[in-house]
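S.K.: Below is one structure. I have some questions about it.
The values are calculated or read from the model by the stated rules, or taken from the named source; none is laboratory data. These numbers come from a predicted model, not from an experiment. As a convention, Cβ positions derive from the backbone with ideal geometry for all residues, glycine included, and neighbour counts pool all protein chains shown.
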Amino acid sequence: MEKRISPARAITGAITLPGDKSISHRYAMISAIAEGDSRIHNYSTGADCHSTLGCVRALGIEVEVAGTEVRIKGKGLDGLRAPAADLDAGNSGSTIRMLSGILAAQPFLTRIFGDESLSRRPMQRIMRPLAEMGAEIHAREGKFPPLAIHGTRLGPIDYTLPVPSAQVKTCVLFAGLFAEGQTSVTEPVASRDHTEIALREFGAELSTGITPAGRQITLTGRPHLTGRELVAPSDLSSAAFFIVAALLVPGSQLTIRGVGLNPTRSALLDLLTAMGAKILIPKLESRNGELVGDIVVQHSELKGGTVEGALTAALIDEIPVLAVLGAATEEGLTVRDAGELRVKETDRIRTVVENLGRLGVEAEERADGMVIPGRQKFRAGEFDSFGDHRIAMAFAVAALRADGESVIEGAEAASVSFPEFWSTLARIAG
Ligand code: S3P
């Protein structure tokens, strides 16, 4: 599918966005192994989170979906049953990596596969800790999906994450739910903590502390998890596209309501504010342990800056759209320590730099990042999503500031996290 995007005169209005992808995955998986009914409001409409629901169903759990409301009849820690067919994780790294923690503890064999992109993404990062806990996992070439997971009775571990990854942290904590005793995960670089918050909401016993090696989360195995009624906030990573659109296009003022502003996710807002962005949060509250607020953003002239170290990990999903913005800032944008971008849905260093070139924007590709000089003009062009949702949306935003009509090829990729992206964009960009 192709989308044609004309330059925008201004980005205006007030919008509410679909539920947070990270939080929706976690709520669905934990609901399945909790006892009793859970009701999730504003569940993500993205294909990824529906892949998780498909897997949960295939494991014998009743799931009802009515629009963005999802009901899951959890059967407790020992309630899953062997699936009749292989599980399909689609494009979703979160589904395969996080669910593997649960599958590794089941008294049956599960095979789980994904699409072409997911079939190229590294799985050793979850296979190692799960093997240490006692699971036997086979992967294509020892590292890629499909996975064959021979579940077993797991033992607890103390695991230090070699890569900053909330998916791996979640996988180990989920596995730890089934092990007798205490499982702990230490993260030298903090990653999003939705799992810790959600597990506490469902009744798990969890403590966190700071050690010389980093933040440590300790979980007591075999907790009693109880079904809950929960609301997923609007997804900040989806909001990021419209925040950048409003910053880029002169005359813009946009309100985004009910956005998840968990401090482990909101580094983008801090960075933009430090660059000179006019961003206000007029309303902030706590819901199911997560901070939620409204964001008001206005067109702003920005200084530019550097993304490196822990900051890179904290806004890894927002880098494609931030790269677009960087080219329009005064001093440009440098991204370092972002080797992880090369193993996302696409190699996002490659795909971003390739599309920036088509936009007439100079950018230097580095092994672990990119350098994008500032004050560059955007030329209309034909951009490719390369099948990656965040690349499709980032370059649709770039096209709003270009000098003519642009085309986004493979625009359907946006549905992986945000099927309403195109209609929302049409509404606020006139
Ligand atoms: C996610 C964690 C991040 C992120 C992904 C969602 C999560 O991946 O890129 O889109 O929900 O935990 P990693 O944990 O692999 O860095």
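S.K.: Would you be able to say whether some residue in the range 84-100 is surrounded by fewer than 24 Cβ atoms within 10 Å (Cβ to Cβ), more than 16 Å from the ligand (Cβ to nearest atom), at pLDDT 95 or above and more than 26 Å from the chain's Cα centre (by Cα)?
M.R.: Yes, the range 84-100 has at least one match.
S.K.: To continue, here is another question. Can you tell which of Ser385, Ser417 is modelled with pLDDT of 95 or more, of a type in the set (S, T, N, Q), in contact with a strand residue (DSSP E or B) (Cβ under 9 Å, 6 or more places away or on another chain) and over 17 Å from Pro7 (Cβ atoms)?
M.R.: None of the other options fit; the residue is Ser385.
S.K.: Does His25 satisfy the condition of being in contact with a Cys (Cβ under 7 Å, 6 or more places away or on another chain), assigned to a helix (DSSP H, G or I), within 16 Å of the ligand (Cβ to nearest atom) and not charged (D, E, K, R)?
M.R.: yes
S.K.: So which residues in the range 134-145 are touching a strand residue (DSSP E or B) at 6+ places or on another chain (Cβ under 8 Å) and either assigned to a helix (DSSP H, G or I) or closer than 10 Å to Ala104 by Cα (or both)?
M.R.: Within the range 134-145, Ala135, Glu136, Ile137 qualify.
S.K.: I would also like to ask the following. For the condition assigned to a helix (DSSP H, G or I) and either at pLDDT 95 or above or among the β-branched types (Val, Ile, Thr) (or both), what is the one hit in Arg342, Arg379, Arg401?
M.R.: Selected residue: Arg342, the only one of Arg342, Arg379, Arg401 that is assigned to a helix (DSSP H, G or I) and either at pLDDT 95 or above or among the β-branched types (Val, Ile, Thr) (or both).
S.K.: Right, another one. In this structure, does Ala198 turn out to be within 12 Å of the ligand (Cβ to nearest atom) and buried (at least 24 other Cβ atoms within 10 Å of the Cβ)?
M.R.: Yes.
S.K.: Within the bounds of the range 222-244, is there any residue that is in contact with a Lys or Arg (Cβ under 8 Å, 6 or more places away or on another chain), farther than 20 Å from Ala28 by Cβ and either within 16 Å of the ligand (Cβ to nearest atom) or not aromatic (Phe, Trp, Tyr) (or both)?
M.R.: There is no residue in the range 222-244 that is in contact with a Lys or Arg (Cβ under 8 Å, 6 or more places away or on another chain), farther than 20 Å from Ala28 by Cβ and either within 16 Å of the ligand (Cβ to nearest atom) or not aromatic (Phe, Trp, Tyr) (or both).
S.K.: Are there any pairs, at least 6 apart or on different chains, whose C-beta atoms fall under 8 Å, with the first in the range 337-366 and touching a residue at least 60 places away in the same chain (Cβ under 8 Å) and within 20 Å of Gly410 (Cα to Cα) and the second away from the ligand (no atom under 12 Å from the Cβ) and not hydrophobic (A, V, I, L, M, F, W, C), and if so, which?
M.R.: Once the first residue is touching a residue at least 60 places away in the same chain (Cβ under 8 Å) and within 20 Å of Gly410 (Cα to Cα) and sits in the range 337-366, its partners that are away from the ligand (no atom under 12 Å from the Cβ) and not hydrophobic (A, V, I, L, M, F, W, C) give Glu345/Ser117; Glu345/Gly387; Thr346/Ser117; Thr346/Gly387.
S.K.: Can you tell me which residue in the range 146-165 is farthest from the ligand (Cβ to nearest atom), limited to those that are farther than 20 Å from Thr110 by Cβ and either in contact with a helix residue (DSSP H, G or I) (Cβ under 7 Å, 6 or more places away or on another chain) or without any contact (Cβ under 8 Å) to a residue 12 or more places away in the chain (or both)?
M.R.: Pro156
The rows are residues; the columns are (1) charged (D, E, K, R); (2) more than 24 Å from Ser94 (Cβ to Cβ).
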residue	(1), (2)
Arg287	yes, no
Thr329	no, yes
Val335	no, no
Ile349	no, no
Gly357	no, yes
Glu364	yes, yes
Ala367	no, yes
Gln376	no, yes
Phe386	no, no
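S.K.: Can you tell me which of (1) touching a Lys or Arg at 6+ places or on another chain (Cβ under 8 Å); (2) within 13 Å of the ligand (Cβ to nearest atom); (3) not polar (S, T, N, Q) is the one Leu59 doesn't meet?
M.R.: Of (1) touching a Lys or Arg at 6+ places or on another chain (Cβ under 8 Å); (2) within 13 Å of the ligand (Cβ to nearest atom); (3) not polar (S, T, N, Q), only one is false for Leu59: (2).
S.K.: Could you give me the residue pairs with C-beta distances under 7 Å whose first residue belongs to the range 32-54 and is touching a residue at least 24 places away in the same chain (Cβ under 8 Å) and farther than 17 Å from Pro223 by Cα, whose second residue is hydrophobic (A, V, I, L, M, F, W, C) and surrounded by fewer than 24 Cβ atoms within 10 Å (Cβ to Cβ) wherever it lies, and which are 6+ apart or on separate chains?
M.R.: His41/Val231; Asn42/Val231; Leu53/Val63; Leu53/Val65
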